[in-house]
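Enquirer: Have a look at this one.
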Amino acid sequence: MPLERAQRALRIVSTIGEYLIDQLGARGVRHVFGIPGDYVLGFYDQLSKSRRLRLINTCDEQAAGFAADAYARVRGLGAVCVTYCVGGLKVANATAEAFAEKSPVVVISGAPGIKEREKNPLLHHKVKDFDTQKKVFEQLTCASTVLDDPQLAFQEIDRVLAAAERHKQPVYIELPRDMVFAHGVAHHQPRPVRASSDPPALRAALADASQMINAARRPVILADVELHRFALQPQLLKLARQTGLPVATTVLGKSVIGEDHSFYVGVYEGALGRDDVRRFIETSDCLIMLGAFLTDINLGIYTARLDPARSISANSEKISVGYRSYHDVSLEDFLAGLLKTRLRRRALGPIPHPPPPGAFRPRRRDAPITIKRLFQRLNDFIDSNTMVVADVGEALFAATDLYIRHPTEFLGPAYYASMGFAVPAGIGAQLAAPRKRPLVLVGDGAFQMTGMELATAARYGLNPVVIVLNNFGYGTERQIKDGPYNDLSLWNYSRVPEVLGAGRGFLVKTESELQSALAEAARFTRGFCLLEVQLDPADRSPALQRLAHRLSLRLSAASA
Ligand SMILES: Cc1ncc(C[n+]2csc(CCOP(=O)(O)OP(=O)(O)O)c2C)c(N)n1
Ligand SMILES: [Mg+2]
């Protein structure tokens with residue numbers, strides 16, 4: 001649009017802080033999560049005056065990191081802004097999760113001014129050296145910078161943000177407080193970076209891949225997390241429709257495709273998942289892994305039996321067909337190429353499609369609720385406006401059996417597995433997709449870490465439905481090795497709304513209490529709803545039983 005282009009050209013962005021705000025906005029960021037401190041107050045002031053970006057104050061910085069991660073998973077890029085070290089180092093764990101699970105979060109940290117650093121004074125919040133925090137984040141991000149030179153600052157911002165978009169991983173930008181209002185290079189024009197594939201390598205990869213697929217008797221696609229991150233779900237759907245190939249997902253990739261599609265097989269996770277899915281995948285003579293990373297959880301703690309000779313693997317780091325690898329070929333180009341390649345169309349044979357959930361009917365009024373029945377009931381509660389956000393533990397394992405009909409509606413830290421993700425992630429996810437209502441599934445242990453961020457949800461008018469799975473302790477750990485260290489102090493979770501002066505709380509012990517609480521939660525949309533679901537501490541989902549059994553075998557092997 002000519003007017004828009006002219007307006008863009010006229011926009012006067014002169015200081016480093018303004019340029020950073022402008023470039024985040026240009027990439028679709030509308031919210032920045034964090035807590036201020038004196039080293040970042042100048043930038044916070046700029047942020048609060050920005051018309052495009054809104055500041056979201058969380059109670060704790062780690063939660064800001066989780067919220068920004070979820071925001072990035074839903075919207076393509078997220079941002080967290082904190083003060084030097086006391087704030088920054090609290091974001092480190094959330095950044096590590098974003099790195100491991102490929103989520104592009106921009107970590108912005110204030111820092112002592114460059115002039116203040118002369119003669120190495122003992123300024124507050126400093127750890128060892130002025131660059132200690134930067135060194136930590138170099139290990140947790142795919143690109144980092146300290147904006148200490150106004151001549152280079154705009155270019156550095158471009159470079160680092162391009163890396164986040166390219167690798168779908170976090171980046172670190174340190175903004176010394178005397179640089180916020182420093183002027184950068186006048187008339188700087190950001191150049192869009194688009195890494196393109198090496199054409200001969202792409203042609204060779206496609207030729208070998210199509211030959212293998214066409215020669216195979218029963219190829220199957222295994223779709224994973226990078227299809228979410230690179231927004232390639234529509235291409236996956238097209239490929240499946242065009243070729244008639246069945247599609248399975250990993251836990252981390254769950255919901256990359258609506259689970260009611262006729263060609264959807266289920267979640268593959270080695271011996272942890274459904275046995276019919278495992279057999280279907282492991283007996284395929286051509287497994288096409290798209291955007292997949294073979295983590296131990298994706299592989300059911302290495303119980304998966306996948307043969308590389310019969311596999312094609314395409315992810316952002318590497319493309320391989322059988323034992324051959326191709327460099328400089330992007331996942332996007334490979335998938336686009338596959339769609340244009342002549343692949344044999346096949347009739348969809350019998351596949352182990354997950355059974356659609358039947359309507360939930362309470363047994364006896366006072367029948368105690370179990371994990372299995374709770375998740376059966378939650379299947380009914382999920383509709384096209386729901387976004388499921390699961391925390392570590394039973395919440396995540398039981399959730400893999402949920403029947404999610406719509407793509408990109410399931411978020412969970414299914415690899416790095418840091419507890420405390422879900423409540424703050426629900427906040428980030430809802431701000432990223434305001435029409436959706438998060439269904440947050442969280443264990444009592446994880447809730448005790450970050451659950452009080454419900455205050456943040458209330459402050460910004462959000463309305464997640466939070467299910468606290470109260471099994472009175474660290475259930476997952478109990479299954480591996482039990483002791484008093486797995487006990488938790490007992491909270492009245494359902495009364496948290498009274499403390500916060502917001503939301504609604506429900507105590508659920510029986511099937512009929514669950515029915516009425518969920519019905520009320522569906523009606524009450526003005527604020528958050530917290531359902532404390534009390535479970536027998538010995539109750540386990542089938543997935544957790546299998547996982548814990550495997551882990552305890554490995555633990556005893558390691559200590560033998
Ligand atoms: C931040 C963090 N600390 C510790 C762990 C180790 N850990 C894994 S599961 C678990 C227990 C989780 O308890 P809860 O949230 O109550 O869920 P449950 O297992 O009872 O379903 C612990 C402590 C972790 N994954 N993340
Ligand atoms: Mg628990």
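Enquirer: Checking Ile427 against (1) within 24 Å of Leu227 (Cβ to Cβ); (2) more than 15 Å from ligand 2 (Cβ to nearest atom); (3) under 14 Å from the mean Cα position of the chain (by Cα), which test does it fail?
Expert: So the condition that Ile427 fails would be (1).
Enquirer: Hey, among Thr370, Thr386, which residue is surrounded by 18 or more Cβ atoms within 10 Å (Cβ to Cβ) and over 20 Å from Lys102 (Cβ atoms)?
Expert: Thr386
Enquirer: Name the single residue that is surrounded by the fewest Cβ atoms within 10 Å (Cβ to Cβ) among those in the range 456-488 being more than 12 Å from ligand 2 (Cβ to nearest atom), touching a residue at least 12 places away in the same chain (Cβ under 8 Å) and among the hydroxyl-bearing types (Ser, Thr, Tyr).
Expert: Selected residue: Tyr460.
Enquirer: Hey, any hits in the range 477-487 for a residue that's within 30 Å of Ser552 (Cα to Cα), polar (S, T, N, Q) and either within 16 Å of ligand 1 (Cβ to nearest atom) or modelled with pLDDT under 95 (or both)?
Expert: yes
Enquirer: Going by the conditions given, is Ile257 under 28 Å from Ser103 (Cα atoms), among the β-branched types (Val, Ile, Thr) and either open to solvent by less than 10 Å² (accessible area, probe 1.4 Å) or touching a Cys at 6+ places or on another chain (Cβ under 7 Å) (or both)?
Expert: When the stated conditions are applied, Ile257 passes them.
Enquirer: Can you work out which of the residues in the range 461-476 that are within 10 Å of ligand 1 (Cβ to nearest atom) and assigned to a strand (DSSP E or B) is farthest from Ala429 (Cα to Cα)?
Expert: Asn470
Enquirer: From (1) near ligand 1 (Cβ under 8 Å from one of its atoms); (2) buried (at least 24 other Cβ atoms within 10 Å of the Cβ), pick out the condition that doesn't hold for Thr450.
Expert: (1)
Enquirer: Working carefully through the options Arg526, Arg546, Arg504, Arg540, find the one that is at pLDDT 95 or above and either in contact with a Cys (Cβ under 9 Å, 6 or more places away or on another chain) or closer than 22 Å to Leu402 by Cβ (or both).
Expert: Just a single option satisfies the conditions, and that option is Arg504.
Enquirer: Residues to consider are Val86, Val91; find the one that is in contact with a His (Cβ under 6 Å, 6 or more places away or on another chain) and either free of Cβ contacts under 8 Å to residues at least 60 places away in the same chain or not basic (Lys, Arg) (or both).
Expert: Val86
Enquirer: Continuing with the same structure: Identify, by number, the condition in (1) open to solvent by 70 Å² or more (accessible area, probe 1.4 Å); (2) β-branched (Val, Ile, Thr); (3) more than 24 Å from Ser384 (Cα to Cα) that Thr525 doesn't meet.
Expert: Going through the list (1) open to solvent by 70 Å² or more (accessible area, probe 1.4 Å); (2) β-branched (Val, Ile, Thr); (3) more than 24 Å from Ser384 (Cα to Cα), Thr525 breaks only (3).
Enquirer: Could you run through the range 62-96 and say how many residues are surrounded by fewer than 23 Cβ atoms within 10 Å (Cβ to Cβ), within 16 Å of ligand 1 (Cβ to nearest atom) and within 30 Å of Val256 (Cα to Cα)?
Expert: Qualifying residue count, the range 62-96: 3.
Enquirer: Check off (1) modelled with pLDDT of 95 or more; (2) within 11 Å of ligand 1 (Cβ to nearest atom); (3) of a type in the set (Gly, Ala, Ser) for Gly426 and give me the number that stays unchecked.
Expert: (2)
For (1) touching a strand residue (DSSP E or B) at 6+ places or on another chain (Cβ under 6 Å); (2) modelled with pLDDT of 95 or more; (3) under 18 Å from Arg540 (Cα atoms), each residue gets a yes or a no:
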{"residue": "Thr341", "(1), (2), (3)": "no, no, no"}
{"residue": "Ile351", "(1), (2), (3)": "yes, no, no"}
{"residue": "Arg377", "(1), (2), (3)": "no, no, yes"}
{"residue": "Asn385", "(1), (2), (3)": "yes, no, no"}
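Enquirer: Same structure again: Under 7 Å between Cβ atoms, which residue pairs at least 6 apart in sequence (or on different chains) link something in the range 31-57 that is part of a strand (DSSP E or B) with a partner that is open to solvent by 10 Å² or more (accessible area, probe 1.4 Å) and among the charged types (D, E, K, R)?
Expert: From residues that are part of a strand (DSSP E or B), the pairs are His31/Arg54; Gly34/Glu61; Arg54/Arg30.
Enquirer: With (1) in a loop (DSSP other than H, G, I, E, B); (2) in contact (Cβ under 8 Å) with a residue 60 or more places away in the chain; (3) buried (at least 21 other Cβ atoms within 10 Å of the Cβ) as the list, and Asp178 as the residue in question, which single condition is left unmet?
Expert: Here Asp178 meets the rest and fails (3).
Enquirer: Taking strands (runs of 3 or more DSSP E) that do not extend beyond the range 302-384, which have at least 1 residues that are more than 22 Å from Tyr264 (Cα to Cα)?
Expert: Passing ranges, in order: 319-321, 324-326.
Enquirer: Still on this structure: Just need a number here: residues in the range 81-90 that are in a helix (DSSP H, G or I) and within 11 Å of Val136 (Cα to Cα).
Expert: Number of matching residues: 2.
Enquirer: Exactly one of (1) assigned to a helix (DSSP H, G or I); (2) of a type outside the set (Val, Ile, Thr); (3) buried (at least 19 other Cβ atoms within 10 Å of the Cβ) is unmet by Gly110. Its number?
Expert: (1)
Enquirer: So the check is Cβ under 7 Å with 6+ separation or different chains; which pairs have a first residue in the range 196-212 that's modelled with pLDDT under 95 and a second one that's not in a helix (DSSP H, G or I)?
Expert: Correct list of pairs: Ser197/Asp328; Ser197/Val329; Ser197/Ser330; Asp198/Asp328; Asp198/Val329.
Enquirer: Kindly indicate whether Arg437 is more than 12 Å from ligand 2 (Cβ to nearest atom), out of contact with any Cys (no Cβ under 9 Å at 6 or more places or on another chain) and open to solvent by 20 Å² or more (accessible area, probe 1.4 Å).
Expert: Answer is yes for this residue.
Enquirer: Now for a separate question. Identify, please: which residue in the range 401-423 is open to solvent by 10 Å² or more (accessible area, probe 1.4 Å) and more than 15 Å from the chain's Cα centre (by Cα) and is, among those, modelled with the highest pLDDT?
Expert: Filtering the range 401-423 for residues that are open to solvent by 10 Å² or more (accessible area, probe 1.4 Å) and more than 15 Å from the chain's Cα centre (by Cα), the one modelled with the highest pLDDT comes out as Tyr403.
The values are calculated or read from the model by the stated rules, or taken from the named source; none is laboratory data. For clarity, every value in this text was computed on a predicted model and none was experimentally measured. FYI the Cβ positions are ideal-geometry reconstructions off the backbone, even for glycines, and counts take in every protein chain you see. These accessible areas exclude ligands, DNA and RNA; they are computed on the full protein's heavy atoms, side chains included. Shrake-Rupley method; radii C 1.70, N 1.55, O 1.52, S 1.80 Å.
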